[in-house]
Amino acid sequence: MSLAVEMNGISKRFGTVQALDSVCLRVKRQSIHALVGENGAGKTTLMRVLYGALQPDFGTVALDGKPCRFRNSSEAIRAGVGMVSQHYSIIPQINCLDNLMLGAEPGFVLSRSSAKRRADELAARMGFEFDWEADAATLSPSGAQKLEILKLLWREARVMILDEPTAMLSPSDSDALYASLKQLTEQGATIIVVTHRLPEVLENCQQVTVLRGGRNVVSADVKDTNGPMLAEWIVGQSMHGAPDRRPPASDEIVLEAIGLSAKGDRGNLALKSVGFKVRKGEILGIAGVDGSGQRELFRALLGLVKPVQGKLLYRGRNLIPATVADRLRQGFRIIVEDRHEEGVIDDWPLIENAALGLHWLPQMTRKTAVCARYAFMRFALAVRHGKQAKQLAVPYLRQTGWIDFAARRREAQRIADRFDTRHGGLHQPMSSLSGGNQQRFVAGRALSNDPQLILAFQPSRGLDISASQKLYQTIREECGKGASAIVVSFDLDELMENCDRIVAMCNGRMAEPPKDKARDRNAIGRLMVGADA
Amino acid sequence: MMALAPRLQDVAKPLLRVAPVAAVAVGLIVGAFLFANVSPAVALSTLATSAFGTPQGFSKTLEETAPLLIAGIAVFVALKAGLFNIGVEGQLLVGAFAAALAGQHFRGSVGVLACLLAGMAAGLIWALPAGLIKALRNGHEVITTIMLNNIAVLTTQYLAGGPFKDPTSQSPRTVPIDASVAMPSFHVGSQLMVSPALVIGLALVVGISVWLFRTVAGYELRATGANPTAAKFAGVNAKTMIVYSMGASGAIGGLAGALQVLAFKGQFYDGFSPGYGFTGLGVALLAGNSPLGLLPSALLFGALAKGATSMQSLLGVPKGITYVVMGLLIVTYAVVRYRKAVAHD
Amino acid sequence: MISDALSNLVFQTVILASPLILAALGGYFSERSGVVNIALEGKMLMAACLSTVVVIHTQSPWLSLAAGILAATVFSGVHWMMTQVYRIDAVVSGMAINAISLGGSNFVNSKMIDPRYSGPMPYFWAGALWAIAMAAPALVWAYSRWTRSGLRLMAVGSDPDKARTMGVNPLWVRCLALAGTGLLCGLSGTLIASNAGSFQDNMTAGRGYIALAALILGGWRPVPTALACLAFGLFQAIELSLQGTVRIPSQAWNSLPYLVAILAIAGFSAKNRAPAGTGKL
């Protein structure tokens, strides 16, 4: 029996990076095959080759024993290969039926009634239900996921690739998804799931292929493996032991949110009556599936979005009227989710990027001696202290709005050195840095100049293990000096390892595990789903 | 050695992009001249001698350059904040009209100041709606400013031909300003005439340069233009920035009009602006990253304007050639400069 | 008497609104595919100019129509190339096209159209173009809703990246869309020259921008846009018939469309926003 998919010796190089090195993949017909590995292991790249979005430098691809070469995704689609990417390709402004049809319309003139009939039939096959006329913007993540699967069926895909399908789903939705996938394999499809969630692999998939650093590590039947073995293959070293004890944070409450509600991008209520406290010196971790309201929470905390309801107190005072600039002045710092959009200006040199968010700091602007107050004090001090007057009068210099370039350069150097950002000179544009180095720079900037409240959104994204450790170590140091930190991550293990206390957000609400289960992974996982701990 | 190689690559790629476009542009211009039965070489030399050949010619070139420079500065300031102020034409007109009115009632150097301030205020008021709509409603400023332009033309046309018309004149024009507020050109050397308007323009360029690159406020403006979201995360109040920069841009546009009245024309009339605002857009687009680029850019267009008159009278080349050249210059330059970045995968 | 005046008014409205409708629908295609288009003015102008040149030299109505459409389409194609292939900002390239059109039409007018020419100028029958203008909005609406390329147009304008992953190439969709813009602007420009019976420098006189205003007022939907154009045409028709008896200066009437457009932009709710993918590549 020939394999549904056979990829042999696939190699792909991007500039200096060898993304794939002689990788092989063998998928049996009508199976659910898991492709696992860390970030950057090459999983998505390999699938993009299969899907025709990328041409390999070397290697062959064969479907059902017949060799193929796809020059673009349309050819792959025609050959029966379909992919659902991690970020759904649903266009919110057009309705569900149009989203389903786009790119594979039944004819030049669209007969919506017959299209609807076919859509209903496909949906019934999977047990789904859709309001075809509704705008796709109304779909929930799991609804969008279902539509994506229907898109594959519409195009009569025989090989379906799902990239991180459960990234946006709650555990119960994930179970439902895998049930659907099983049904699809019974109907003749072959499914490849790209994931890093080991429990799902162990429970639902038949075979697994592990990639690390662009190379094959192993391919095996799932029943012959277990969690620790897979983890070790993925990471390549045994996992660390339990995290060491931390000094208890003080009792002083620095930030308090009571009944905070805020609207999201689409006008819906994304934060629903959230309440929590952060103590001085504490690192609070927020767990949760992407899209549970963490983004909106950070925006409300930073001041970009005004809450529609609730109270927010910082050091006892009402924070809500404070602008972003006010909060930055009070020591708020943010490691943004999307550097490119929110954190840096690509065309600007590193020096200018270093000042973003800190540009108004007194130490970055010049002081002038040209003012009456300084003159008076200098004179008065000279009368009393003679030669030391100049030194003593420094605090009376007037702050101006002129840039102190030397100070900026020093600061930029310091920020770059903090996490060993590799760069070609401080006058080089930000875009000349690699992604990982950009993240190091952004993190360095956020943790400089006396932060008081650190908001970190997926701070270790793009960073390798040692940089990530150093980052959390630095956050810990700053907290030791009296700061506090809130970390949002979609990786529960990262939070377990680095945070003092963990809360979970689900669907806009926040829940904290009871004291006896404060570090119980399962309890937190249940809260992430909306169940009780 | 390693440092040199990437540099070459940085230069070669844009050059390869520009080359075909530049070739087409040059070809079109040459073709246009041939079409008009004029040798391109002759046309070019006529333009050059007319614009730069004689002191009188050069003085006229500088006269054309002055309003273009200041209009260019106005567009540039808004451009740095990420806004397209196409409305400089209208702001210039209302500024000129306001100055023409004020010039009838004020005297002396205080009067000059009053006229200039009146012009700036008028320009600012005219630009404000576009700025507010953009800041509060995210309404595209290109369209609102174009609309305001048209309203400005019609309004000033009506006012100059109706309630404020000079009763002694046949055509729609305002009463001439008082002689004491006029700003006549002065001699540089024996034959060259330079206008105070140009001097003010130069000073403005230097001032804007310093402000944009050496102050915190200028930094925030540039950040808003470069990446509005990142600027917001850095504490910059985007709405304030938008309104301030449109306002400043409008004020400078009004100043251009006011100076045009005080330094050259002495009154406002229907058809006052032969497209200064429009050409000012070209000046700003070609200026590049630094305000200092506005100087050669404005001079180029000023020379083009002066040379075009000679080319028309001496060679029969229609005046439209200036706009054609401007458009082609913008296209060629924009291929490298105004390239939109594509999102990374 | 009143019915005479009324029917005259309706007639005038149709004549004045037709070029606006055609141009606005041209803008519709461009903007709906995600390309901001402030160059309607320039395309119309070149169409008017070239159709006049051809009508004088060949005396053929069909050739002059073809010339007008060709002129606008070529400029539209250049616009497409500048924004999609060379990735120049759409506003900058639009202004450049307007500049080239303004200068170019002046050039051609001076060199190829004799101002003393008083012979026959058999433009394409304006009546046919008015009819097309009246029918076009419904046709465009049907195209957007009931055809495959219409769906792809909307998809690319809403989110070009996602459309690309679905196998739709935004580059070609926009090429087709801008070709449509060229066709409609060509019809509009030819109609303007035909209505007037000759070509003057800058004869479009800002109507390209009024068409854009109408498109915005209409929320980027074909039929409301056409209604806005009819409203503007009505304003102009009223102004013409009131001339002489007027207490309100003509400039005030002429400013109304622009003023209304600004108020509309200022007052817009989320429903009437521009296509979400505007400006994205």
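With a requirement of 2 or more residues that are within 14 Å of another protein chain (Cβ to nearest Cβ) and at pLDDT 85 or above, the helices (runs of 4 or more DSSP H) lying completely within the stretch A:338-402 that satisfy it span A:350-354.
Determine if the stretch B:258-269 includes at least one residue that is closer than 21 Å to residue B:38 by Cα and more than 11 Å from chain C (Cβ to nearest Cβ).
As a first pass, look at the stretch B:258-269 and keep what is closer than 21 Å to residue B:38 by Cα: none.
Looking for residues that are closer than 21 Å to residue B:38 by Cα and more than 11 Å from chain C (Cβ to nearest Cβ), one finds none in the stretch B:258-269, hence no.
Looking across the stretch A:455-475, the residues that are assigned to a helix (DSSP H, G or I) and buried (at least 18 other Cβ atoms within 10 Å of the Cβ) come down to A:467, A:468, A:471, A:472, A:474, A:475. Among the residues here, residue A:307 qualifies as at pLDDT 90 or above and within 19 Å of residue A:269 (Cβ to Cβ). Checked against the criterion of being buried (at least 24 other Cβ atoms within 10 Å of the Cβ), touching a helix residue (DSSP H, G or I) at 6+ places or on another chain (Cβ under 6 Å) and under 19 Å from residue C:13 (Cβ atoms), the stretch C:168-187 contains one or more residues that satisfy it. Taken over the stretch B:162-174, the criterion of being of a type in the set (D, E, K, R) and within 13 Å of chain C (Cβ to nearest Cβ) is satisfied by B:165 alone. Can you spot a residue in the stretch A:437-458 that is in contact with a strand residue (DSSP E or B) (Cβ under 7 Å, 6 or more places away or on another chain), more than 30 Å from residue A:258 (Cβ to Cβ), at pLDDT 85 or above and not assigned by TED's automatic domain parsing to the domain that holds residue A:302? Looking for residues that are in contact with a strand residue (DSSP E or B) (Cβ under 7 Å, 6 or more places away or on another chain), more than 30 Å from residue A:258 (Cβ to Cβ), at pLDDT 85 or above and not assigned by TED's automatic domain parsing to the domain that holds residue A:302, one finds at least one in the stretch A:437-458, hence yes. Of all the numbered requirements in (1) more than 14 Å from the chain's Cα centre (by Cα); (2) within 13 Å of another protein chain (Cβ to nearest Cβ); (3) touching a residue at least 12 places away in the same chain (Cβ under 8 Å), residue C:175 misses one, and that requirement is (2). In summary, residue B:150 fulfils each of the numbered conditions (1) in contact with a Gly (Cβ under 7 Å, 6 or more places away or on another chain); (2) within 14 Å of chain A (Cβ to nearest Cβ); (3) assigned to a helix (DSSP H, G or I) with the single exception of condition (2). Is at least one residue of the stretch C:215-223 under 30 Å from residue A:54 (Cα atoms) and within 14 Å of chain A (Cβ to nearest Cβ)? Checked the stretch C:215-223: no residue is under 30 Å from residue A:54 (Cα atoms) and within 14 Å of chain A (Cβ to nearest Cβ). The set of residues from the stretch A:115-134 being in contact with a Cys (Cβ under 9 Å, 6 or more places away or on another chain), part of a loop (DSSP other than H, G, I, E, B) and not charged (D, E, K, R) comprises A:130, A:132, A:134. Restricting attention to the stretch A:33-41, does a residue exist that is away from chain C (no Cβ under 11 Å), more than 26 Å from the chain's Cα centre (by Cα) and at pLDDT 90 or above? No, the stretch A:33-41 has no match at all. Please state which of the following conditions residue A:123 fails to meet, knowing it meets all the rest: (1) more than 24 Å from residue A:193 (Cβ to Cβ); (2) more than 9 Å from every other protein chain (Cβ to nearest Cβ). Unmet condition: (1). Selection of the stretch A:477-489 for residues being surrounded by fewer than 18 Cβ atoms within 10 Å (Cβ to Cβ) and either touching a residue at least 60 places away in the same chain (Cβ under 8 Å) or part of a helix (DSSP H, G or I) (or both) yields A:477, A:480, A:482.
If you go through the stretch A:64-73 and keep only what is buried (at least 16 other Cβ atoms within 10 Å of the Cβ) and either over 29 Å from the mean Cα position of the chain (by Cα) or more than 8 Å from every other protein chain (Cβ to nearest Cβ) (or both), you end up with A:64, A:68, A:70.
If the condition is being touching a helix residue (DSSP H, G or I) at 6+ places or on another chain (Cβ under 9 Å) and more than 11 Å from every other protein chain (Cβ to nearest Cβ), then the stretch C:132-143 contributes C:132, C:133, C:134, C:136, C:137, C:138, C:139, C:140, C:141.
Here are some residues: A:497, A:478. Which one is in contact with a strand residue (DSSP E or B) (Cβ under 8 Å, 6 or more places away or on another chain) and closer than 29 Å to residue A:521 by Cα? None of the others qualify; the one that does is A:478.
Residue pairs whose Cβ atoms lie under 6 Å apart, separated by 6 or more positions or on different chains, with the first residue in the stretch A:308-335 and on the phi > 0 side of the Ramachandran plot and the second part of a loop (DSSP other than H, G, I, E, B), are A:331/A:451; A:331/A:452. Residue C:254 meets the stated requirement of being surrounded by fewer than 23 Cβ atoms within 10 Å (Cβ to Cβ) and in a helix (DSSP H, G or I). Hey, does the stretch C:76-87 have a residue that's more than 14 Å from chain B (Cβ to nearest Cβ), part of a helix (DSSP H, G or I) and free of Cβ contacts under 8 Å to residues at least 12 places away in the same chain? Within the stretch C:76-87, not a single residue is more than 14 Å from chain B (Cβ to nearest Cβ), part of a helix (DSSP H, G or I) and free of Cβ contacts under 8 Å to residues at least 12 places away in the same chain.
Quick one: is residue A:158 closer than 15 Å to residue A:183 by Cα and modelled with pLDDT under 85?
Against the criterion (closer than 15 Å to residue A:183 by Cα and modelled with pLDDT under 85), residue A:158 does not qualify.
Conditions tested, residue by residue: (1) over 27 Å from residue B:192 (Cα atoms); (2) buried (at least 23 other Cβ atoms within 10 Å of the Cβ); (3) aromatic (Phe, Trp, Tyr); (4) in contact (Cβ under 8 Å) with a residue 24 or more places away in the chain.
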| residue | (1), (2), (3), (4) |
| --- | --- |
| B:50 | no, no, no, yes |
| B:58 | no, no, yes, yes |
| B:67 | no, yes, no, yes |
| B:72 | no, yes, no, yes |
| B:76 | yes, yes, yes, yes |
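Can you confirm whether the stretch B:50-68 contains a residue that is aromatic (Phe, Trp, Tyr) and under 11 Å from the mean Cα position of the chain (by Cα)? Scanning the stretch B:50-68, I find no residue that is aromatic (Phe, Trp, Tyr) and under 11 Å from the mean Cα position of the chain (by Cα), so the answer is no. Within the set B:132, B:192, B:159, the sole residue that is surrounded by fewer than 20 Cβ atoms within 10 Å (Cβ to Cβ), within 14 Å of chain C (Cβ to nearest Cβ) and in contact (Cβ under 8 Å) with a residue 12 or more places away in the chain turns out to be B:132. Candidates A:103, A:107: the one that is crowded, with 20+ Cβ neighbours inside 10 Å, of a type in the set (Gly, Ala, Ser), out of contact with any His (no Cβ under 9 Å at 6 or more places or on another chain) and not assigned by TED's automatic domain parsing to the domain that holds residue A:77 is A:103.
When the helices (runs of 4 or more DSSP H) confined to the stretch B:275-345 are screened for residues that are within 12 Å of chain C (Cβ to nearest Cβ) and either under 26 Å from residue B:12 (Cα atoms) or in contact with a strand residue (DSSP E or B) (Cβ under 6 Å, 6 or more places away or on another chain) (or both), those reaching at least 2 such residues are found at B:276-285, B:321-337.
Among the residues making up the stretch A:416-438, those that are away from every other protein chain (no Cβ under 14 Å), in a helix (DSSP H, G or I) and touching a residue at least 40 places away in the same chain (Cβ under 8 Å) are A:416, A:418.
The values are calculated or read from the model by the stated rules, or taken from the named source; none is laboratory data. Keep in mind it's a predicted model, so treat the numbers as computed, not measured. Backbone-built Cβ (ideal geometry, glycine too); neighbour counts: all protein chains shown.
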